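J.: Following this message is one structure expressed as structure tokens.
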Amino acid sequence: MVSILTVNLVLSTFLFWLIARIYLMPRLSPITAKAIVVPILLLHMSRHLGLMFLSPGATYPGLSQQFTYPAALGDFIAAVLAAISLLLILKRLPGQRGMVWIFSLWGAADLAVAITLATAYNAEPFMGAAYWIPAFWVPALLVTHYIAFVILVKHWRPEQGAIV
């Protein structure tokens, strides 16, 4: 039997992918890579919200710690990496692209691990108010990681000094 959470995750991811495909991807060339990456980093800086998995009021008793701690701490680290990446870009410091790569690799891997652990430890019935994170938030994060990888591989040019 397929879980409702899985259906929500897949359909929300598809929705965000469609939005990106229709509205953003066709316009990548005339926009600087950094102008697209900055809002993505700002969005991911809010991944501190993953700490909600450690909050008893946001989840139900019985939510496995084998899921909660890696998910919460992985998100928090992703938020910090996004903030460092943003700082490097805004201050035009060396290492911007490398740091965005580190953030993107960590952040995408963290989401994959969290999805796997949520499934392995049957987290769905214990999500409580935190249910919106994997049902809505994670799909948005997955798609923005995809966009960041596209930018890093195809559109980030060293000569781009301007952010917008």
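Nothing in this text is a laboratory measurement; each read-out follows from the coordinates by a stated rule. Because the structure is predicted, anything quoted here is derived from the model rather than measured. Glycine gets a Cβ as well: all are built from the backbone with ideal geometry, and neighbour counts include every protein chain shown.
J.: If you go through the range 107-121 one residue at a time, do you hit one that is assigned to a helix (DSSP H, G or I), surrounded by fewer than 16 Cβ atoms within 10 Å (Cβ to Cβ) and touching a Pro at 6+ places or on another chain (Cβ under 7 Å)?
T.: The answer is yes; a qualifying residue exists.
J.: Then there is this: Does LEU90 fit the bill of being surrounded by fewer than 15 Cβ atoms within 10 Å (Cβ to Cβ), among the aliphatic types (A, V, I, L, M) and over 18 Å from the mean Cα position of the chain (by Cα)?
T.: For LEU90, the condition - surrounded by fewer than 15 Cβ atoms within 10 Å (Cβ to Cβ), among the aliphatic types (A, V, I, L, M) and over 18 Å from the mean Cα position of the chain (by Cα) - is met.
J.: For the range 12-34, name all the residues that are touching a helix residue (DSSP H, G or I) at 6+ places or on another chain (Cβ under 6 Å) and not in a loop (DSSP other than H, G, I, E, B).
T.: Residues satisfying the conditions are SER12, THR13, PHE16, TRP17, ALA20, ALA33, LYS34.
J.: ILE77 - would you say it is of a type in the set (A, V, I, L, M), in contact with a Lys or Arg (Cβ under 8 Å, 6 or more places away or on another chain), touching a residue at least 24 places away in the same chain (Cβ under 8 Å) and assigned to a helix (DSSP H, G or I)?
T.: So ILE77 fails the test.
J.: Just checking, which of MET52, MET1 is more than 15 Å from HIS145 (Cα to Cα), loosely packed, with under 14 Cβ neighbours inside 10 Å and out of contact with any strand residue (DSSP E or B) (no Cβ under 7 Å at 6 or more places or on another chain)?
T.: MET1
J.: Can I ask one more? Test each condition in (1) more than 15 Å from SER3 (Cα to Cα); (2) of a type outside the set (A, V, I, L, M, F, W, C); (3) touching a residue at least 12 places away in the same chain (Cβ under 8 Å) for PRO134 and report the one that comes out false.
T.: All conditions pass for PRO134, except number (1).
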